[in-house]
Amino acid sequence: MRSTTTRVCLATAALLVFGGSARAGPMGFDGSQMAMGDFGPNWREAWVNHAYTPRDAVGIGGLSMRSDDGRKTRDVAEITYTRLMARWNLPHAQANAWLVVGAGGIRGNDYAGTRTLLAPGIQLDYETTRIYVAAFGRLYRADGLRHDYAAVRAGFSFYEAAYEETQPWLIVEARHMRGLSERVEITPMLRLIDKGYFVEAGLNTEKQARFNFMYIF
């Protein structure tokens with residue numbers, strides 16, 4: 001019975017967690033840990049959290065950001081709180097609203113010392129076993145710094161798959177970071193989902209490589 005329940009929870013979590021992420025549905029099932037990473041030339045992020053209720057998780061993470069010309073950098077270390085604010089179970093689909101709040105420190109190569117950072121954010125997503133759309137927004141705010149982040153994602157799976165099978169998806173993301181980039185980064189990625197994890201890889205419109213992962217344990 002316990003093994004069956006665990007498999008059902010993992011299957012549900014694998015279906016509901018899609019990303020970037022951050023990032024993806026930003027937490028797993030009750031009692032689980034989630035590790036995620038997002039790696040590219042101008043954006044590198046990794047964090048882990050623990051879901052202590054079906055709707056709440058706490059975690060720690062690090063983020064490194066760089067301007068398009070490579071001259072300006074930001075390094076963030078933060079503690080995060082994630083809350084599933086609402087969930088709508090629809091016929092053959094599900095929609096979610098998430099709150100993510102981070103607090104920590106941010107350092108840059110164009111000023112001295114570490115500044116206190118607050119980073120509230122929201123994620124909205126809708127998904128079936130074949131279609132996924134999501135919108136993200138996060139405000140990275142510190143004294144004299146306003147690095148606000150926004151992203152939208154959409155994708156589809158090539159075919160439906162059983163829990164034991166690997167399911168391929170095509171995901172396209174557009175994102176922008178205020179104060180560090182003047183362009184919108186667009187990245188098509190291939191995602192492979194298998195049980196409690198996924199991996200993504202692709203090239204953006206500037207021909208820069210990007211790799212993401214998520215693992216629930």
Could you go through the stretch 210-217 in sequence order and give the Karplus-derived ³J(HN,Hα) for each residue, using 6.51 cos²θ - 1.76 cosθ + 1.60 with θ = phi - 60°, rounded to whole Hz, and x for Gly and Pro? 9, 9, 10, 8, 9, 9, 9, 9
Give me, ordered by chain and number, the residues 5 or more places off Leu117 or on other chains with an amide H under 5 Å from its own placed amide H. Gly104, Gly105, Ile106
Inter-centroid distance (Cα atoms) of the stretch 28-85 relative to the stretch 142-174, Å: 15
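If you count only protein heavy atoms with a 1.4 Å probe, what accessible area per residue comes out for the chain, rounded to a whole Å²?
Values: 10560 Å² over 217 residues.
Accessible area per residue: 49 Å².
Once neighbouring chains are kept in place and the probe is 1.4 Å, which whole percent of the accessible area of the chain is contributed by carbon and sulfur? Before the final figure, lay out the partial values.
Details: 6630 of 10560 Å².
After summing per-atom areas, the C and S share lands at 63 percent.
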Quick one: 3J(HN,Hα) in Hz for the stretch 82-96, Karplus 6.51/-1.76/1.60 with θ = phi - 60°, rounded, Gly and Pro as x. 10, 9, 7, 6, 7, 9, 10, 8, 10, x, 6, 7, 8, 10, 9
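Between Thr166 and Ala86, what's the calculated FRET efficiency when r is the beta-carbon distance and R0 is 30 Å? Round to 0.05. Working shown, then result.
Details: r = 31 Å, r/R0 = 1.02.
So, using R0 = 30 Å, E works out to roughly 0.45.
In a shell of Cβ-Cβ distance under 13 Å around Ala93, excluding Ala93 itself, what net charge do Lys and Arg (+1) and Asp and Glu (-1) give?
Details: positive: Arg87, Arg130; negative: Asp125, Glu127.
Summing Lys and Arg as +1 and Asp and Glu as -1 gives 0.
Tell me, what is the percent relative contact order of the stretch 58-104, built from C-alpha pairs under 8 Å that lie six or more residues apart?
Values: 74 pairs, mean separation 15.6, N = 47.
Contact order relative to length: 33 percent.
What is the packing order of peptides 186-199, 62-75, taking the mean over residues of other C-beta atoms within 10 Å and listing the highest first?
Working: 186-199: 17.9, 62-75: 15.7.
Per-residue mean Cβ counts within 10 Å order the peptides as 186-199, 62-75.
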With θ set to phi - 60°, apply the Karplus curve 6.51 cos²θ - 1.76 cosθ + 1.60 along the stretch 132-146 and write out the HN-Hα couplings as whole Hz, x wherever there is a Gly or Pro. 9, 9, 7, 9, 10, x, 8, 9, 8, 10, 8, 4, x, 10, 9
Amide H to amide H, which residues 5 or more places from Ser32 or on other chains are under 5 Å from it, using H placed in the peptide plane? Ala51
Estimated [θ] at 222 nm from DSSP helical runs (n ≥ 4, -39500 (n - 2.57)) normalised by residues in the chain, nearest 500: -2500 deg cm²/dmol
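Give, in nm to one decimal, the length gained when the segment between Glu206 and Leu118 is fully stretched (0.36 nm per residue of separation minus the Cα-Cα distance).
On the way: separation 88, 0.36 × 88 = 31.68 nm, distance 3.04 nm.
The span from Glu206 to Leu118 would gain 28.6 nm if fully extended.
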Given charges of +1 on the Cβ of Lys and Arg and -1 on the Cβ of Asp and Glu, with all other atoms neutral, how large is the dipole of the chain about its Cα centre, in debye to the nearest 20? 340
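The values are calculated or read from the model by the stated rules, or taken from the named source; none is laboratory data. If you're wondering where the values come from, they're calculated on a predicted model, not measured in any experiment. Neighbour counts are summed over all protein chains in view; Cβ atoms, including those assigned to glycine, are modelled from backbone coordinates with ideal geometry. For accessibility, only protein heavy atoms count, side chains too; no ligands or nucleic acids. Shrake-Rupley method; radii C 1.70, N 1.55, O 1.52, S 1.80 Å.
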